[in-house]
1. Could you please find all residues in region 24-44 being surrounded by fewer than 21 Cβ atoms within 10 Å (Cβ to Cβ) and in contact with a Gly (Cβ under 6 Å, 6 or more places away or on another chain)?
2. Among residues belonging to region 72-130 that are assigned to a strand (DSSP E or B) and of a type in the set (D, E, K, R), point out the one that is surrounded by the fewest Cβ atoms within 10 Å (Cβ to Cβ).
3. For region 1-58, how many residues meet the condition of being under 12 Å from Cys110 (Cα atoms), of a type in the set (Gly, Ala, Ser) and assigned to a loop (DSSP other than H, G, I, E, B)?
4. If you go through region 142-162 one residue at a time, how many are out of contact with any Gly (no Cβ under 8 Å at 6 or more places or on another chain) and under 21 Å from Pro34 (Cβ atoms)?
Amino acid sequence: MLIEPGPVVLVTTRDGERDNVMTITWTMVMDFSPRFAITTGPWNHSWAALRDTGECVLAIPTADVIDIAVGIGMCSGSDTDKFARFGLTRLSASKVKAPLIGQCLANIECRVVEIIEPHGIVILDGVAAWHDPARQDKRMLHAVGDGTFIADGERFDRRDLMRAKIPPGV
């Protein structure tokens, strides 16, 4: 619970017929490239679509939609249309079939690079990204692991001090 690495994300998939969304609290940026890792497995209804289609969207919710993010994680897409139940706005992606979520601060279209099945680790490459600068709330959520969450707070800018380590364009 002390080292949760990344923000809560909503992972959208499309199995060829239906869209689904799951809440994932185990996320990681792998380096300065658009490569990410999430942890999930066959216990999640979205697993088959993620594995079979090799694509998804990582939608990044903000603190103002915490109850929606938690609600999505508390039900299954096997018997629930989560987009309808939670009033989510589907937006068309440009590179994948899974939808973007209009209520999120950002959406990253991804392709699966590798699945490390014994550990449920899915390695993803971002192929397109969308950001909504008009969103009022920009605080991302971080799960502590015990049913509580922390929202991003004050930002500390040390870009000048770290310039030598930051790739050009970042």
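The values are calculated or read from the model by the stated rules, or taken from the named source; none is laboratory data. No experiment lies behind these values; they were computed from the predicted model shown. When we count neighbours, we look across all protein chains shown, and the Cβ atoms used for this are built from the backbone with ideal geometry, even at glycine.
1. Matches in region 24-44: Met28, Pro34, Thr39, Thr40, Gly41.
2. Initially, region 72-130 is screened for residues assigned to a strand (DSSP E or B), giving 90-91, 100-101, 106-116, 121-130.
Then drop every residue that is not of a type in the set (D, E, K, R), which leaves 90, 109, 111, 114, 125.
Details: Arg90: 15, Glu109: 24, Arg111: 15, Glu114: 11, Asp125: 16.
Selected residue: Glu114.
3. Going through region 1-58 one residue at a time, the tally reaches 1.
4. 3
Let's see how each residue does on (1) touching a Phe, Trp or Tyr at 6+ places or on another chain (Cβ under 8 Å); (2) within 30 Å of Arg51 (Cα to Cα); (3) modelled with pLDDT of 90 or more; (4) not β-branched (Val, Ile, Thr):
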{"residue": "Glu114", "(1), (2), (3), (4)": "no, yes, yes, yes"}
{"residue": "His119", "(1), (2), (3), (4)": "no, yes, yes, yes"}
{"residue": "Leu124", "(1), (2), (3), (4)": "yes, yes, yes, yes"}
{"residue": "Ala129", "(1), (2), (3), (4)": "no, yes, yes, yes"}
{"residue": "Asp132", "(1), (2), (3), (4)": "no, yes, yes, yes"}
{"residue": "Arg135", "(1), (2), (3), (4)": "no, no, yes, yes"}
{"residue": "Leu141", "(1), (2), (3), (4)": "yes, yes, yes, yes"}
{"residue": "Val144", "(1), (2), (3), (4)": "no, yes, no, no"}
{"residue": "Ala151", "(1), (2), (3), (4)": "no, no, yes, yes"}
